[in-house]
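Taking it in order: structure first as structure tokens, then the write-up.
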Amino acid sequence: ALRLSKIFEREIMRTISTHNLSFGEFDVLAVLLRSGPPYALTPKRLLESLMLSSGALTNRIDGLERAGLVARDPDPNDRRGVVVSLTDAGTERIDQAVADHVANEHDMLDDCLSAKEQETLTRLMRKVLGKYGK
């Protein structure tokens, strides 16, 4: 499993690097995208999703903000807090990166597994994730 994970990680990096993103940056942007409109979360919610230290998250957000891909705005529900949101440029970048990432994963699986094998793999991975993916 670890070897397979490394292979997929290498392929993911190859794909997302064409969008000038690191794996960590891709991860932050993807979590914001998955949150749905308005694509904004508090740093606490980001930390829960990413399982990072607050310092590591701050560094990632700082870099993404400098690149114009995210913005920090006052949290309307907490005067002391902020909300991190995708900018238009960030939304465009992550949309393109995710589309390429998904296409690459399909290509990888299509090269070695039949459609029926892919269905079986999907079913088995859902079963594992149902138990351990929480």
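The residue list ILE16, ILE61, ILE12 contains one member that is farther than 24 Å from VAL102 by Cβ and assigned to a helix (DSSP H, G or I), which is ILE61.
Residue count for the range 96-134 satisfying the condition of being assigned to a loop (DSSP other than H, G, I, E, B) and either open to solvent by 60 Å² or more (accessible area, probe 1.4 Å) or of a type in the set (Val, Ile, Thr) (or both): 1. Of all the residues in the range 48-72, those that are modelled with pLDDT under 95, over 17 Å from PHE23 (Cβ atoms) and surrounded by 15 or more Cβ atoms within 10 Å (Cβ to Cβ) number 0.
Each row is one residue, and each column tells you yes or no for (1) within 12 Å of LEU29 (Cα to Cα); (2) not hydrophobic (A, V, I, L, M, F, W, C).
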position: ASP75; (1), (2): no, yes
position: ARG79; (1), (2): no, yes
position: ALA89; (1), (2): yes, no
position: VAL98; (1), (2): yes, no
position: HIS101; (1), (2): no, yes
position: GLU105; (1), (2): no, yes
position: ALA115; (1), (2): no, no
position: GLU119; (1), (2): no, yes
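For the residues PHE8, PHE26, the requirement of being under 24 Å from GLY133 (Cβ atoms) and surrounded by fewer than 17 Cβ atoms within 10 Å (Cβ to Cβ) singles out PHE8.
The values are calculated or read from the model by the stated rules, or taken from the named source; none is laboratory data. As the structure is a prediction and not an experimental result, all values here were calculated from the model. Counting neighbours? That spans all protein chains shown, and the Cβs are built from the backbone with ideal geometry, glycine included. Heavy atoms of the whole protein, side chains included, go into the accessibility calculation; ligands, DNA and RNA do not. Shrake-Rupley method; radii C 1.70, N 1.55, O 1.52, S 1.80 Å.
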